[in-house]
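Reviewing the structure listed below.
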Amino acid sequence: RSDVFTNCGVVGHINSRFLQGPDTDPAVVAKIRDAVKNGKNFCGRLLNYRKDGTPFWNLLTITPIKDDDGKLLKFIGMQVEVSKITEGFKEKSRRPNGLPESLIRYDARQKVKATESVTEIVGAFKRRQSINQASVPDKADISPLQSKVGVLPSHRGSTEGKWPSKQNLSHLPDSVLGGVSGHSKRSSGFLSRLGLGAKSQRMVEDVKQFEPELMMLDDEMPEIPYEFDQTLGTRRGIDLATTLERIEKNFVITDPRLPDNPIIFASDEFLELTEYSREDVIGRNCRFLQGPDTDQSTVQKIRDAIAECRDITVQLLNYTKSGKPFWNLFHLQAMRDAKGELQYFIGVQLDGSEYVEPDRKRLSENTAKEGAKIVQQTAKNVDGAVRDLPDANLTPEDLWADHSKFVYPKPHMRNCVAWSAMIKVRSTGQKLALKDFKPIKPLGSGDTGSVHLVELRGTGQVYAMKAMDKNMMMDRNKVHRACVERQILELMDHPFLPTLYASFQTLTHVCLITDFCSGGELFLVLDRQPQKRFREESARFYAAEVVLALEYLHCMGVVYRDLKPENVLIQENGHAKLTDFDLSFFTSAIPQLITLVKQKGRRRKQKDVSIPVFFAEPSVHSNSFVGTEEYIAPEIILGQGHSSAVDWWTLGVLIYEMVYGRTPFRGKNRQTTFTNILEKDLLFPANIPVSLEGRRLMRMLLEKDPAKRLGFLHGANDIKTHPFFYGINWPLIRNMTPPPLDVPLSIITCMPDIDYQGGELEWDELEAATTFADTF
């Protein structure tokens, strides 16, 4: 529930003392009181009680609203019951290796969702105050939810929380498919939880290929309404769910390496079927599903399969928490690691109660056969998805082992000044650590870490250092993201992609040393231009360099997934560099030599020429829900599984934003934005001149069907040969002089900011003194 509280009665209302009970944590209550007393933000979970004494988990989020002078005006508070989905007291349960017992940390998921909701409320409050000219100044100083909740006050961002989705197109309801599928699904699925109605969910099979000029607005583009006001929210990368969490089937994962083979993951659908909460099942053996009429001989077969580490599919009677029986077609599958050692068991349940033959008290042979295919395929999907996550049995040291590996220079960059300085320091046999880098000034921060401008001591050479908090990465299910980012960076050897020079860890952080781009973010460069947009020649230039960066990534098996101006940095020479790979998907790529036919002309004597072209694209699909809200491709929202084609969609959005000054589908909130992405036609403002080739390119990139999207067939080759890029010398573009901007680049100096010039900026002594044996 959301409320606006006055300062006078805020303590009583937000603390809700009458909701407290014997097991309410006093420490959490103290944090709430401290936040209210000092006008700070708070987001946390505490145990509360209903009037009848029934306990429930309450996720409470509060944020203050202050005037321009810093005076507290109001608090905005939101309470959400999370009893069903949270780990509850199990959140503190640890394995022998010190890692959490649960494979996924759900509190972090809920905090992100709560933060987004409160941010939307704050934006609505700002708009109302601005319109009404009430007692609150037009631009109330709204404290960002950075310290407690993780929202930054600037830019836009990518997301992380629990949003289950459809596994593939065949599982979507008719309302989504427009009658293509005969299957039906309950309304509590992912799209309905987003608030997308039948009309909003409809996927148009054959999108009419209008000429772009026919889709333009007849009159000048109207004044952009408040939903496009970029001050209302951050635009940060979102990571709403892993592929594992988006498998909408009844299943659990258990760990046989722990005593009693306990459950470490349970799907939302399993909880719905069995009526148990996540707190009820995490850490327990599956035997709680048994009841008075459960066949013990069948149970023994399952136990034997577990002891022998083999797969088995059986039928048995199980019971929900309320005692309701259901006929369970159960499949157990052993999952082994790369060495062939047993890692997990996957247990998939299929409720076949409606299909049991009364006489035989079993499923019919055909029904059992078809059901077995479903549960076995589900187990296969779960097996693939869980491999994206780090092994829960690894020690904390093993989790971050990659960050302590030696980084070797790559052929194309080994002779640059930055590498020469690094090699010079290494030649002494010194193991680089945090103390070897002098902090100059902060460059940015996020919900799990920060980026600093640093100098390698004794060389005068500067770098960018990304430092990520280990505990925050663990709490927010980002360990695998951080490890994948490091693996990707180590592969890079390209002028428009960052170079990894070193990586190391301290007691609390892992650090990456990469290039410092003094031109700053493309987002800020764009923001400084008249009407916040580029001339078409500048947009073409930056888009071309991004295309080459994406082409290289796809060739290496990387799906980028978070393209936006904030993640494109500008070098001092004006060229672009694509950064930030924490939402990227890393797999293998299949290299091919394909033949493209180049048409020479219409005359009979001019024959078409066949041109051999190298082509390599990532070979595996993902189904995790990641990206940036305004840039997310339709197939990610629908949970159909996605490939590298999502990067070509985001390229279309990027070009649109560069030439028009805003993104094409942004709405007043996430629900509206996603609805627009799924069903809104692409419109081009008539008052901003853009070439026909540019509009056609954007339309082909912003094709809602990924199979029809430009780049789907031949990757970057399709895009590089589009008429919009005629005149681009692709092999020599890095030697090209960037087109002049209306407002030139503002170069970031290597001098400390004014705030830090009063004294030397240094690391915390404990952190700086920390080294590891395996750190180079």
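Values quoted throughout were computed directly from the atomic coordinates according to the rules given, and no laboratory measurement underlies them. A quick note: this is a predicted structure, and the numbers were derived from the prediction, not measured. Glycine also receives a Cβ, built like all others from the backbone with ideal geometry; neighbour counts cover every protein chain displayed.
Details
- Flagged links, alpha-carbon separation over 26 Å, of 478/577; 113/478; 405/435; 339/410; 435/470; 84/324: 339/410
- Residues 579, 587 in ascending order of nearby Cβ atoms (within 10 Å, fewest first): 587, 579.
- Global form of region 616-684, assessed from the alpha-carbon gyration tensor, a/c cut-off 1.5: oblate
- Part-to-part distance (alpha-carbon centres) for region 381-425 and region 36-69, which is given in Å: 40 Å
- Estimated translational D of region 251-388 in µm²/s (Stokes, Kirkwood radius over Cα pairs; 37 °C; 0.692 mPa s): 214 µm²/s
- Compactness index (Cα Rg / 2.2 N^0.38 Å), region 17-127: 1.20
- Dipole of region 297-377 computed with +1 at Lys/Arg Cβ and -1 at Asp/Glu Cβ about the Cα centre; of 312, 322, 349, farthest Cα towards the positive end is 322.
- Relative contact order (%) - criterion: Cα under 8 Å, at least six apart; region: region 17-127: 19 percent
- Cα-Cα over 26 Å, subset of 431/466; 66/111; 31/466; 111/373: 31/466; 111/373
- Volume per residue of the C-alpha convex hull in region 662-746, rounded to whole Å³: 165 Å³
- Gyration tensor (alpha-carbon) shape descriptor, region 320-425, a/c threshold 1.5: prolate
- Region 50-94: C-alpha pair distances exceeding 12 Å, %: 72 percent
- Neighbourhood net charge (11 Å Cβ-Cβ; Lys/Arg +1, Asp/Glu -1) for residue 309: -2
- Diffusion coefficient of region 396-518 by Stokes-Einstein, Kirkwood radius over Cα pairs, 4 °C, 1.567 mPa s: 88 µm²/s.
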